[in-house]
Every structure is written in structure tokens, then in C-alpha cells.
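Some notes on the structure that comes next.
The values are calculated or read from the model by the stated rules, or taken from the named source; none is laboratory data. Only a predicted model underlies this, so the values are computations on that prediction, with no experimental measurement involved. Cβ placement follows ideal geometry from the backbone for every residue including glycine, while neighbour counts extend to all protein chains displayed.
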Amino acid sequence: MNCTKCKTKAVIDLPRHNAAFCKICFNGYIHDQVAKAVKSDRMFGKDDRILVAVSGGKDSLALWDILLKMGYKADALYVNLGIGSYSEESHRKVVTFAETVAAVHGAKLHVHTVQEEAGAGIKELAQIIHRPACSTCGTIKRYQFNRVALEGEYDVMATGHNLDDEAARLLGNVLHWQDEYLDKQSPNLPASVEGFARKVKPLYRLAERELAAYSVLNRIDYIVEECPMAKGARTILYKEVLNRLETESPGTKQTFYWKFLERQKQAAPAAASMAEKDQAMLHPCSVCRQPTTAEICSYCKMMARAKTHAS
Ligand code: AMP
Ligand code: FES
Ligand code: ZN
């Protein structure tokens, strides 16, 4: 198998593009796909300050690496969730990347440790507030991403969601016809109200397998293990179903998700309708000032309960 572009020996084949690439041309392909996403969705420019949310996994570390190599100003945030050895190892991987690769580009790593602020890790917190661990985790991550982006005056925050993540999420939203979630499923979410940071997903054109290959080929040391709390999650099943379809007919995932985005753009600009809805429903939390639909936001309520429990 030879590289479609330069005809030397290929290291990866991409059936959905009917192509195969050597390492150099594959890196070029990855950077081109990110450049396309950034440009077509007007995500950010060379002067913008980007905050990348890094989990220690392949996607988000690859994203940080790609953005720095493309010459963007990108710092990162890691949220240590306090999930035993999983968090310890992912934390180590993020710090190693920050010290070896990111530091060369002058980029900085912010770390938020849940245990320090809440006095408990995710598992214990979830028990205290009687909510599933994953939704407790989601509330904390969303809150901290937004807080650090605003406090650090970043122009935009970026996550490592890839094509597989977005296609699986779309499948879930369509199977249950969750209109509100469908409206919000965009790789470029504007800051609909003051107090919310703009959020982008520059990897939405790249498959999980391609990002794993990018990380291995570029010697990015990432945590392979998935979060132990995610076992049995619906999205894992949706990903398996989509992978089966992709094997039978390469390109299924990208057609499914990209065509949805085209339709979304044509129908009603998601951004405008969402901003209207958000502005009508949200106001500042009376404790922390982040936007919320209630008097006190769910994060502040959670922290209050954690503190009462500890005392
Ligand atoms: P996941 O929900 O685990 O699929 O993660 C989706 C994206 O959220 C990742 O690509 C990261 O950008 C971000 N993310 C997930 N977990 C963390 C974390 N603990 N700290 C910072 N960012 C995270
Ligand atoms: Fe949040 Fe696993 S990453 S519970
Ligand atoms: Zn609050």
C-alpha cells in the first residue's frame, strides 16, 4: 500500500476518503482537516487566545498538539476529577505533554482539582447529591471550562470531540428526537449570553481512529483507558453501531453528521435561535454570577451540599 500523495510506503489507509498516507502526508491531512473546520466555521484566528480542555486522552492532547504546531495561541485546562488511578494517570500524561511539548511553544496548563474545592472526588460527590456520577462530572466540567475561559479572558474554548463522538451523539438525539439537544449540536457554539464562553470542536472532521493514529505516530503519550464510570454508557453502544455501518459502507459517519450540519445551517441558524432562547431563560447565579435558569446555579448548589456534608 503506497501513499496516495507521494507514493512512498503508506502507514495508514482511510477507506472513507479512498486514500492511504505516509506519516508526513497523514500529518498534512490531519492539519488540513482542522484548518478546514476552523475556517469554514470561523472558529478562531491567529490572534485569538484559545483554551483547550485536555483530559489526557488521545483526542484532546492531539488537538492541543495540532493547534500549537499550526501556530495558534493555545493554553489548556485539565480538570482532575478524583477518580482514583484513572485521574492520577491522566493527570500525569497531561503534565508530561505540557512540560515537554507545550512548554516549547510557550503554552500554559491550568489545573482544577475537584477534591480541593469540593472536599470529595466525583464518586462521593455524586452520592452526596444523589445524582449519577456522569451527570455530576458533566456539571463540574462545564462549569470549570467556562470559569477558567472567562477568568483567563480567553476568546474561545475548544474540546477534543471528534467525528465519532458527534455522530454517536447525533444518533442518540435523533433516536429520541431531542429537539433542544439537536439545536445545540454544533461544532461552533457562540457565547449566547454574557457569562458563557464561546465553544468550538475543531476535530469534528476527524475520526477517532485517525486521532489515535496521529497520537501514536507523533509520540503523544495519552491515557488509553476510558473513564471507569463510562462503562455501559449509551454513547459506547451508538459508536459500536456506527462502526459496524462504517465497515460495511465507509463514509457513513461523516455523511450522517456533516449533512446534519448542512441542514442545520440552511434551516435556521442554530446560533441565532439558541441565543434568543438562552437570553429569555438565563440570568446570573446569585452566588457566582455564571448564567443559570434558577436562583442559584447547579454547581453552587452542589458545592453547598458538599460543604454541609463535610461539616
Ligand atoms: P468526553 O466527554 O470524555 O468524551 O470528553 C470530551 C472532551 O471534553 C475531551 O476531548 C476534552 O476536550 C474534554 N474533557 C473531558 N474530560 C476532561 C477533563 N477531565 N479535563 C479537561 N477536559 C476534559
Ligand atoms: Fe466524567 Fe467519567 S469522565 S464520570
Ligand atoms: Zn453559581
Looking only at residues that are at pLDDT below 85 and of a type in the set (Asp, Glu) in segment 247-279, which one is surrounded by the fewest Cβ atoms within 10 Å (Cβ to Cβ)?
Glu276
So how many residues does segment 1-15 have that are touching a residue at least 60 places away in the same chain (Cβ under 8 Å) and in contact with a helix residue (DSSP H, G or I) (Cβ under 6 Å, 6 or more places away or on another chain)?
2
Out of Val156, Val193, report the one residue that is within 24 Å of Val34 (Cα to Cα), away from ligand 2 (no atom under 16 Å from the Cβ) and among the β-branched types (Val, Ile, Thr).
Val156
Given His31, His110, His105, which one is in contact (Cβ under 8 Å) with a residue 24 or more places away in the chain and within 23 Å of Asn146 (Cα to Cα)?
His110
Residues of segment 212-231 being without any contact (Cβ under 8 Å) to a residue 12 or more places away in the chain and over 20 Å from the mean Cα position of the chain (by Cα), in sequence order, are Arg219
Quick one: in segment 123-141, which of the residues that are in contact (Cβ under 8 Å) with a residue 60 or more places away in the chain and over 11 Å from Ala306 (Cα atoms) is farthest from ligand 2 (Cβ to nearest atom)?
Thr139
Name the pairs whose Cβ atoms lie under 9 Å apart, with the first residue in segment 240-266 and under 18 Å from Pro202 (Cβ atoms), the second of a type in the set (Phe, Trp, Tyr) and crowded, with 18+ Cβ neighbours inside 10 Å, and 6 or more positions between them or separate chains?
Tyr257/Tyr204; Trp258/Tyr204; Leu261/Tyr204
Looking at the structure I just gave you, is Ala149 part of a helix (DSSP H, G or I), among the small types (Gly, Ala, Ser) and surrounded by 20 or more Cβ atoms within 10 Å (Cβ to Cβ)?
yes
Filter segment 205-240 for residues that are in a helix (DSSP H, G or I), small (Gly, Ala, Ser) and surrounded by 14 or more Cβ atoms within 10 Å (Cβ to Cβ) and give the result.
Ala212, Ala213, Ser215
Kindly list, by first and then second residue, each pair from a residue in segment 282-311 that is more than 9 Å from ligand 3 (Cβ to nearest atom) and part of a helix (DSSP H, G or I) to a residue that is modelled with pLDDT of 90 or more and charged (D, E, K, R), limited to pairs with Cβ atoms under 9 Å and residues at least 6 apart or on different chains.
Met302/Arg131; Ala306/Glu117; Ala306/Glu124; His309/Glu124
Could you check segment 118-127 and list, in sequence order, the residues that are aliphatic (A, V, I, L, M), part of a helix (DSSP H, G or I) and away from ligand 3 (no atom under 16 Å from the Cβ)?
Ile122, Ala126
Ser40 meets each of (1) modelled with pLDDT under 95; (2) on the phi > 0 side of the Ramachandran plot with one exception, condition (2)
Can you name the residue in segment 128-154 that is in contact with a helix residue (DSSP H, G or I) (Cβ under 9 Å, 6 or more places away or on another chain) and away from ligand 3 (no atom under 16 Å from the Cβ) and is also modelled with the highest pLDDT among such residues?
Tyr154
Name the strands (runs of 3 or more DSSP E) wholly inside segment 16-117 in which the number of residues that are crowded, with 21+ Cβ neighbours inside 10 Å is 1 or more.
19-21, 49-53, 73-80
List pairs: first residue in segment 51-80 and closer than 13 Å to Ile220 by Cβ, second residue within 16 Å of ligand 2 (Cβ to nearest atom) and of a type in the set (Ser, Thr, Tyr) anywhere in the structure, Cβ distance under 6 angstrom, at least six positions apart or on different chains.
Val54/Ser60; Val54/Tyr78; Gly56/Ser90; Gly57/Tyr222; Lys58/Tyr222; Leu61/Tyr222
